[in-house]
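Everything on this sheet refers to the single structure shown next.
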Amino acid sequence: MTVCPNGHQLAAADHYCRSCGAARPAGDYEPAGEFARPAAERAADSQQAGYQAGAYRAPAIGPYVPAQRFHPPGTNTLAIVSLVLGLVWFYWIGSVLAVVLGIMSLRQLSERDEQGRGLAIAGIVLGAGGLVALVFFGLFAFAMAHGQPVGHYQYQYQGGVAPQPGG
């Protein structure tokens, strides 16, 4: 008969001690009844396989490591600011800043793992549109200040004086 780790006797078919509940020592269990093999045959099998009873140990389990949380990449702040300045303009100074910050944002996005490429491009496009509007507004203002009024023509008469309207 086999003995449990606490010294109680175990029957051949018992996996656990009936007295204390301790498990049968590792490698000590053999089937009983019609499936039992003679002791000489069991010893020959264990010697052929190079197995020593009780030599196997369970693999060591390392320390518990909590699962890492996934944090999705954030949106680039300069891309957001570029888009807002492109939309608002701030007397066209915002347009210049939108283009500059949009380009800076695209450079940062190529180096970092962030989102916001579309926002940066939209800020650049809106800022460039604001600059084009500034150029056209400046040209129109210049033409109005230094040129002829639109839709009015001056005629020079030989008398040197132009006729007055309504007279």
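Of all residues in the range 127-136, at least one satisfies being within 30 Å of the chain's Cα centre (by Cα), assigned to a helix (DSSP H, G or I) and crowded, with 16+ Cβ neighbours inside 10 Å. Does Ser95 satisfy being closer than 12 Å to Leu83 by Cα, modelled with pLDDT under 95 and surrounded by 16 or more Cβ atoms within 10 Å (Cβ to Cβ)? It is true that Ser95 is closer than 12 Å to Leu83 by Cα, modelled with pLDDT under 95 and surrounded by 16 or more Cβ atoms within 10 Å (Cβ to Cβ).
The values are calculated or read from the model by the stated rules, or taken from the named source; none is laboratory data. Please read these numbers as outputs of a predicted model, since none were measured by experiment. Counting neighbours? That spans all protein chains shown, and the Cβs are built from the backbone with ideal geometry, glycine included.
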